[in-house]
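Undergrad: Dropping a structure here in structure tokens format, bear with me for questions.
Read-outs throughout are calculated quantities, based only on the coordinates presented, and are distinct from any laboratory measurement. Fair warning: this is a prediction, and the values are worked out from it, not measured in the lab. All Cβ positions, glycine included, derive from the backbone under ideal geometry; neighbour counts span all protein chains shown.
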Amino acid sequence: MSGTDTILIIDDELQIRRLLEITLTANGYKIIHAATGKSGLVDAATFNPSLIILDLGLPDKDGHEILKKLREWYFKPVIILSVRNSEEDIIRALDNGANDYLTKPFRSGELLARIRAAIRSSEIKPDEPLLTFGTLSIDMLNHVARRDNEILKLTATEFSLLALLAQNHGRVLTHQYILKEVWGHGYIEQTQYLRVFIAQIRKKIEDNPSKPTLLITESGIGYRFGE
Amino acid sequence: MNIRKLTRENRVISFSSGIKNYFLSVMVIGLTALLCSPLSNSQGYHLVSFILLFMVSILATFMGIGPVFLASALSALVWNYFFIPPNLTFHIDKAEDILMFGMFFIVALLNGIFTTRVRRQEQLAVERERRTNALFQLSGRLSGASGMDEVLTVAIAEIKSHFSLEPFFILQDGNKVLHTAGRLRKDRKLSPLEYQVAEWSFTHLKPAGAHTTTLPETEQTFFPLAGSQVNPGVLAVKLEKPLHGDQKVLWETFLAQITSALEREFLGELAQKARFLDESDRLYKTLFSSISHELRIPVATIMGASDTLLNSAHPSEIQHVLMNEVFTASLRLNRLIENLLNMSRLESGLLSVRLDWHDINDLVNKVTEDLRDELRPYTLVVSVQENMPLVRIDFGLMEQVLYNLLYNTTQYAPVASEIHLDIRHEGGRLIMQVTDSGPGLPEEDLPKVFSKFYRAEGSLTGGLGLGLSIVRGFVEAHNGQVTAENITGEGARFSLLIPSENPDIENLPFEKS
């Protein structure tokens, strides 16, 4: 954990800002907070924080709009923290470039884990040739994945799916996004293909495929690769 | 159906005394006279009169009075002109022939009249039978119909088939105000003028509109549906000409029957509405009294514990216990809010089920993770069938279902006992069973455990009694079923059956090994 990471909190609820500030400061982060979307955008530009926690229900502007504006120039992780828990909102935020989504009320332990994962994944260069997760390693150059140094028998589709998830690890990828990237535009409704392939990959990379620890399901939304 | 067709054909024959029949009677008499002309020379002209009389009688059996009258007059004249000497004149020489001619005319006419009368009687009998059948069929189908819409559908179909009219029902709303659109045909709206006429007919209980003396300027005629206790509304039809005679009698009998069926349904609907209001009033009261209780307990815990923490110094273990209380209370509040939101989704009737393919293990993992703390004192034994196929469910809804079922079990099963979660796919259905090793459910309560606000007798835990009713609501939204039973030697078992076909995963695209 890097103790010098700065986190910007954009939330209009004073109690939530205070709670987050105490929790995050206690865990070694530096905190800036903004109560409106507008001041949040200014703070993001001024301080260039390592991560932004964004509420969707802001008084001046809709959080989705702020996220879109941010994503024009801000490429570090954004975590949405909102009371809105509909799949539409979550998928929309993720498609607009949010890295993760947590609904209020939340457990601080969960939030801290998500923050750590997001910051860590942002430190990986996108063209890293070798990705390692515990005993699993993925060699992007030679299209080979190994587990305990044993080469995994993966089909071409399984490998591209695994690679896509691993390159974006710590980040929730929506079903539509994954289907579009791996299968192509015509398949974005075919979630059953995705489920079947995920199940196959889990059998090869997970210790207990029915209780996955690497390839995590975000119910109704998509998948996240994590540890 | 057959009866009606038959009688209708009868009617076609009996009433069709059009121009064709007049022509036919002229033809028959002319032809007979022509054929008889050689006969009269050999057998005498009196024989011809009998043959002509015979033909008139035959005609009378299947023709109306007009053509028969024409046939009798014509045959008398033809006989006179062509056969009574001197031929080819109307002059009659012999006095007996004058008498014969007069008699012939009268006999032919009487023959025609009597036969026609007999046929008329027969026609009336057929007509009566037809009406009786129509009414019999109407009343049979009306009493078989259940619900206002079905009664209206039957009424419209029957009126259409017996009167060839397109009826249109405008009902009142229960407060003696007519709707402006048809009950079944919401697209068919009354014009302001039509509405005025309909309203007049409804309040005065008299027909109004076209062919009546009241406001005849509309296209439609409005007939009031006057019941014995309430008047369900009015019926509008477009009549070509006013109804009269038997048709009118039949029409009125039809209306009376339809009205009484509508009245029956109308009163039923009113009673149901009253019951519903009563029920929702009761629910409202129960909900509020239990919500305020359910909200106050955790809020009181949070207030009390945090107040203690703030106002005095305590050893750290006491602080920890108090903070734990605050955390537990907040979880309880959160669960309450979640259930209330789910209940309101169900009650609003706007619940949309978004089916998609899911791995059932994902559902189990998500729920057991959320219930980690609650499940800690128990041994949860999960068994999922080998090669379990993907299932087509709404993940969010089923998550609530399984959460509530397991949570409920943790509230009643004895600590340290086993809870079994069995999942399989059988006969196109996803089957999930939660079985505990507790004392089971009170046998007499089994039918009502899924009712709103049901709480087990002597249950120690708090709660609104909404959890299982949400389970049922969400399962039914999936067209599934949920049942509760006691298993001897184990405990209570809740079973879910959700229809879910195997996914089409043959021919997966882009796959090369």
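Undergrad: Considering only DSSP beta bridges whose two residues both sit in chain A, what percent are antiparallel, to the nearest 5?
TA: For chain A, the DSSP antiparallel bridge percentage is about 55.
Undergrad: Continuing with the same structure: Nearest 10 degrees, 0 to 90: what angle lies between the long axis of helix B:467-477 and the longest principal axis of chain B (Cα atoms)?
TA: Helix B:467-477 sits roughly 40 degrees off the main axis of chain B.
Undergrad: Which whole-angstrom value gives the distance between the alpha carbon centres of the stretch B:381-427 and the stretch A:6-38?
TA: If we compute the Cα centre of each part, the gap is 38 Å.
Undergrad: Now a separate question. Shape of the stretch B:278-348 from its Cα gyration tensor (a ≥ b ≥ c, root eigenvalues): rounded if a/c is under 1.5, otherwise prolate when a/b > b/c, or oblate?
TA: prolate
Undergrad: Ok, one more. Quick one: compute the contact order of the stretch B:218-258, relative version, from alpha carbon pairs under 8 angstrom and 6+ residues apart, as a percent.
TA: Numbers: 31 pairs, mean separation 14.7, N = 41.
Contact order relative to length: 36 percent.
Undergrad: Which whole-number percent is the relative contact order of chain B (Cα, under 8 Å, 6+ apart)?
TA: 8
Undergrad: A follow-up question, please. Shape call for the stretch A:6-123 from the C-alpha gyration tensor, a ≥ b ≥ c root eigenvalues: rounded (a/c under 1.5), prolate (a/b greater than b/c) or oblate?
TA: rounded
Undergrad: Sticking with this one: Just want the answer: with Cβ charges of +1 for Lys and Arg and -1 for Asp and Glu, which residue in A:PHE197, A:ASN142, A:ILE178 is farthest toward the dipole's positive end in the stretch A:128-214?
TA: The residue sitting farthest along the positive end of the dipole is A:PHE197.
Undergrad: Given +1 on the Cβ of Lys and Arg, -1 on the Cβ of Asp and Glu, and no further charges, what dipole in debye does the stretch B:145-275 carry about its Cα centre, rounded to the nearest 20?
TA: Numbers: 14 positive and 16 negative charges, 43 e Å.
Charge dipole of the stretch B:145-275: 200 debye, to the nearest 20.
Undergrad: Using unit Cβ charges (K, R positive; D, E negative) and no other charged atoms, how large, in debye to the nearest 20, is the dipole of chain B about its Cα centre?
TA: Values: 46 positive and 57 negative charges, 586 e Å.
Charge dipole, chain B, about its Cα centre: 2820 debye, nearest 20.
Undergrad: Cα centroid distance between the stretch A:75-106 and the stretch A:123-139, in Å?
TA: For the stretch A:75-106 versus the stretch A:123-139, the Cα centre distance is 25 Å.
Undergrad: Applying a 10 Å radius around every beta-carbon, put A:175-185, B:389-399 in order of their mean neighbour count, most first.
TA: Numbers: A:175-185: 17.2, B:389-399: 22.0.
Top to bottom by mean Cβ count within 10 Å: B:389-399, A:175-185.
Undergrad: Can you give me the angle between helix B:19-43 and the longest principal axis of chain B, using Cα atoms only, in degrees from 0 to 90, rounded to the nearest 10?
TA: With both axes taken from Cα atoms, the answer is about 40 degrees.
Undergrad: Still on this structure: Quick check on the exposure proxy: order B:ARG296, B:ARG335 from fewest to most C-beta atoms within 10 angstrom.
TA: So the residues, fewest neighbours to most, are B:ARG296, B:ARG335.
Undergrad: Tell me which residues come under 5 Å, amide H to amide H, from A:GLU218 once H is placed; ignore anything under 5 positions away on its chain.
TA: A:TYR223, A:ARG224
Undergrad: Charges only on Cβ, +1 for Lys and Arg, -1 for Asp and Glu: so what's the dipole of the stretch B:168-231 about the Cα centre, in debye to the nearest 20?
TA: 220
Undergrad: Would you count, across the stretch A:6-123, every pair of lysines whose alpha carbons are under 14 angstrom apart, provided the pair is eight or more residues apart or spans two chains?
TA: For the stretch A:6-123, qualifying lysine pairs total 5.
Undergrad: Can you list the trypsin sites (Lys or Arg not before Pro) in the stretch A:27-80 that are in a DSSP coil and have 13 or fewer other beta carbons within 10 angstrom?
TA: Taking the stretch A:27-80 and a limit of 13 other Cβ atoms within 10 Å, the loop trypsin sites (Lys or Arg not before Pro) found are A:ARG71.
Undergrad: Relative contact order for chain A: what percent, with Cα pairs under 8 Å and sequence separation of 6 or more?
TA: In percent, rounded to a whole number, it is 13.
Undergrad: GluC sites (Glu not before Pro) within the stretch A:10-65: which are DSSP loop residues with at most 16 other Cβ atoms inside 10 Å?
TA: For GluC sites (Glu not before Pro) across the stretch A:10-65 that sit outside H, G, I, E and B with at most 16 neighbouring Cβ atoms in 10 Å, the list reads A:GLU13.
Undergrad: For chain A, what is the calculated [θ] at 222 nm in deg cm²/dmol (nearest 500), taking -39500 (n - 2.57) for each run of four or more DSSP H residues and dividing by its residue count?
TA: Working: 8 runs with 92 residues, N = 227.
The per-residue figure over chain A is -12500 deg cm²/dmol.
Undergrad: Which value, in Å³ per residue, describes the convex hull spanned by the Cα atoms of the protein assembly as shown?
TA: Expressed per residue, the convex hull around the Cα atoms of the protein assembly as shown is 309 Å³.
Undergrad: Measure nothing fancy, just the Cα-based angle from helix B:395-412's long axis to the longest principal axis of chain B, in degrees from 0 to 90, nearest 10.
TA: 60
Undergrad: Please work out the C-alpha center-to-center distance from the stretch B:75-148 to the stretch B:293-323 and express it in whole Å.
TA: Each part's Cα centre sits 106 Å from the other's.
Undergrad: Report the convex hull volume per residue for the stretch B:145-275, counting only C-alpha atoms, in Å³.
TA: Here the figure is 102 Å³ per residue.
Undergrad: So, one more: Among B:VAL68, B:GLN247, B:ALA33, whose Cα lies farthest out toward the positive end of the dipole of the protein assembly as shown, if unit charges sit on the beta carbon of Lys, Arg (+1) and Asp, Glu (-1)?
TA: Value computed over the given set: B:ALA33.
Undergrad: Under a point spin-label approximation (7 Å from Cα along Cα-to-Cβ), what is the A:SER122-B:LEU270 distance to one decimal in nm?
TA: 6.9
Undergrad: Would you mind classifying the stretch A:1-72 by shape? Square roots of the alpha carbon gyration tensor eigenvalues, ordered a ≥ b ≥ c; an a/c under 1.5 is rounded, otherwise it is prolate if a/b is larger than b/c and oblate if not.
TA: oblate
Undergrad: Mind checking which lysines have their Cα closer than 21 Å to the Cα of B:LYS285? Skip sequence neighbours fewer than 8 apart in that chain.
TA: Once the sequence-local lysines are set aside, what remains near B:LYS285 is B:LYS273, B:LYS448, B:LYS452.
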